[in-house]
Amino acid sequence: MSSTEPPEPRSQHCLLALESSCDETAAAVCTLDGELISSRIASQIDIHRQYGGVVPEVASRNHILHARALVEQVLADAGKELGDMAAFAATSGPGLVSSLLIGTSMAKALAVAENKPFLAVNHMEGHLLSPFMNGNGPVRPSVALIVSGGHTMLVHVRETGRYELLGRTRDDAAGEAFDKVAKMIGLPYPGGPEIDKLARQGDPAAFAFPRSFLDGTSLEFSFSGLKTAVLYELPKLDLQNEQTLTNLCASVQAAIIEVLVEKLVLAAKRSRETLVTVSGGVSCNRGLREALTARCGKEGLQLLLARPDLCTDNAGMIAFAAVQRFNAGHTSPLEADVNPNLSLVD
Ligand code: KG4
Ligand code: ZN
């Protein structure tokens, strides 16, 4: 009989994370090597669509309804049990307090019951590191563009946990600009994917919408002027005309894309990094992905885009960020509070 190494304790292999910062309840299991092995999302989009946006009270009630079943499902999908988890993590901010409390309370309860550590994860760090998932790791020096419904920022990543803010939006986030324009022209919530679809049939040069701070020097963003420009244009337009509608969508999208792409390239040059990453809900946008791929190729920049299903809110990215922290020796106290304004950089 050959001698074998004693098996590693089963509890050392995986980590379970919950995400409930806004309107998606999500759970995921990730190995401590960073491989996502199960991930599920209970979307509330259909519920909030009738209100034209997220209603916090409704969101937190639905998180309560879904959290437990999601945990059971992702464990079953992964062929694991609670006892196999090395730690339990949850998003602790930024987000809606009443929503954040559901995921963190659940993860803390599981950590106490299983006598395992708890990790509080910054939602933006989840987005930030998501391009390094699916075999694209390890996390390494790069310039990141995070474009979501609540944030638009450029971040210099030195290593996990060492981030410097290079620029951010002074008003609306890119996703917010998509959603607000969509609402103004009668498209359902969330507006980003709707504009993305219609833009494919339109002419991006039909309307000359403003590109704020695109002077080749600033890394700040502003999207409120775009919203106002669309508002002034609307009375002149017949949106029942399909071509007018698609041209408007294509032109709005082109204005947002150009600013995002140019500032990412500028930030990379300034930071002397050749690796750039893009994440967050807006990075699902097909036009943005195509423009980034073309421009980065031209500039000799290596581009890592978050996988489309990991762009919008999910627990896989939270589990992955938690694994990076856990492997570096970090855990959080059970007293760790949620923080609706939690910052990625100090
Ligand atoms: O990252 P995310 O799921 O949630 C936040 O953390 O905010 O981002 C949601 C945002 C929404 O504003 C939504 O309209 C936008 O991402 N979004 C898109 C697309 N898919 C989602 N924007 C443009 N094109 C898309 N395909
Ligand atoms: Zn998000």
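Points to keep in mind about this one:
- Amide N proximity, segment 110-129 versus ASN341 label position 7 Å along Cα-to-Cβ, cut-off under 20 Å: 121-125
- Considering only Cα atoms, the convex hull volume of the chain works out to 149 Å³ per residue.
- For LEU18, residues with placed amide H under 5 Å, excluding near neighbours: ALA89, ALA90, THR91
- Stretch gain in nm, segment GLU262-GLN243, where the contour uses 0.36 nm per residue and the Cα spacing is subtracted: 4.0 nm
- Backbone N within segment 229-264 under 17 Å of label point (7 Å from GLN201 Cα along the Cβ vector): 238-253
- Segment 122-228: Cα Rg divided by the 2.2 N^0.38 Å rule of thumb: 1.22
- Fully extended contour minus Cα-Cα distance, from LYS298 to LEU82, at 0.36 nm per residue: 73.0 nm
- A viscosity of 1.002 mPa s and a temperature of 20 °C, combined with the Kirkwood radius over C-alpha pairs in the Stokes-Einstein formula, give segment 299-343 a diffusion coefficient of 159 µm²/s.
- Segment 138-306 - Kirkwood radius from inverse mean 1/r over Cα pairs (Å): 16.1 Å
- What you get for segment 161-204, charging only the Cβ of Lys and Arg (+1) and of Asp and Glu (-1), is a dipole of about 80 debye around the Cα centre.
- Angle in degrees between helix 174-184 and the longest Cα principal axis of the chain, rounded to the nearest 10: 50 degrees
- Three-way shape label, segment 83-177, alpha-carbon gyration tensor, a/c 1.5: oblate
- Note on segment 213-253: Cα-Cα pairs beyond 15 Å make up 53% of the total pair count.
- Spin-label model distance (nm) - LYS183 vs LYS269, 7 Å beyond Cα toward Cβ: 3.7 nm
- Rounded to the nearest whole Hz, the Karplus-based 3J(HN,Hα) values (6.51 cos²θ - 1.76 cosθ + 1.60, θ = phi - 60°) of segment 217-222 follow the sequence 10, 8, 9, 8, 10, 8, with x at glycine and proline.
- The residues of segment 31-134 have, on average, 41 Å² of accessible surface per residue, using a 1.4 Å probe with all protein chains present.
- Placing unit charges on the Cβ atoms only, positive for Lys and Arg and negative for Asp and Glu, gives the chain a dipole magnitude near 540 debye about its Cα centre.
- Rg and Dmax, both from the Cα atoms of segment 266-324 and both in Å, are 12.8, 35.
- With Cα atoms, 0 to 90° folded angle of helix 224-233 axis to the chain main axis: 40 degrees
- The chain: relative contact order as a whole-number percent, Cα under 8 Å and 6+ apart: 24 percent
The values are calculated or read from the model by the stated rules, or taken from the named source; none is laboratory data. In this text the structure is predicted, and so the values were computed from the model without any measurement. When we count neighbours, we look across all protein chains shown, and the Cβ atoms used for this are built from the backbone with ideal geometry, even at glycine. With ligands, DNA and RNA removed, areas are computed over all heavy atoms of the protein, side chains included. Shrake-Rupley method; radii C 1.70, N 1.55, O 1.52, S 1.80 Å.
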